[in-house]
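The values are calculated or read from the model by the stated rules, or taken from the named source; none is laboratory data. Keep in mind the model is a prediction, meaning the values are calculated, not measured. Cβ atoms come from the backbone with ideal geometry, glycine included; neighbour counts cover every protein chain shown.
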Amino acid sequence: MRLPLIFVGLLVPSLPASASDGGLDVTSSVVQMLLGLGLIIGLLIASLHFLKRLGAGTGSAAGLIKVRGATAVGPRERVVLVEVADKILVLGVSPGRITPLHTLDSAELPGTPGSSDGAAGKDFQSWLKQTLERRPR
């Protein structure tokens with residue numbers, strides 16, 4: 001609500017001068033200013049669009065890394081399974097750091113075809129619980 005009042009306050013003192021000198025000068029300068037502003041905003045939007053399109057193709061390794069699963073173990077902490085080539089990385093992810101917890105072959109992951117142990121029907125959360133219970137403290 002304040003912004004229109006500022007514009008009115010700026011235009012009102014120039015009205016008597018524009019009436020005596022000709023209102024065309026003030027109007028043309030305002031139109032020129034608005035067109036310049038529109039041009040600059042348009043250039044900014046176009047450059048952001050092109051930067052976004054160019055930035056999307058820079059990740060050449062994006063197809064090699066896949067997130068296989070994740071579960072929350074705290075309010076801001078997660079355990080994430082990441083597949084890289086034929087290895088599965090178990091990572092602990094917190095706001096300030098990523099810690100590698102374990103490395104598996106893709107055949108060792110429960111629930112994948114060809115896994116050696118009989119845990120094919122279990123989900124990631126139960127597998128993580130069993131793994132943490134077996135781990136020496």
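Can you tell me how many residues in segment 68-90 are small (Gly, Ala, Ser), farther than 10 Å from PHE124 by Cα and under 20 Å from the mean Cα position of the chain (by Cα)? Residues meeting the conditions: 1. Filtered by the rule that a residue be over 18 Å from TRP127 (Cβ atoms) and of a type in the set (S, T, N, Q), segment 91-113 gives SER94, THR99. Consider VAL26 carefully, then state whether it is at pLDDT 90 or above and touching a helix residue (DSSP H, G or I) at 6+ places or on another chain (Cβ under 8 Å). No: the conditions fail for VAL26. So, of the residues in segment 46-86 that are modelled with pLDDT of 90 or more and of a type in the set (Lys, Arg), which turns out to be farthest from THR131 (Cα to Cα)? The qualifying residue farthest from THR131 (Cα to Cα) is ARG76.
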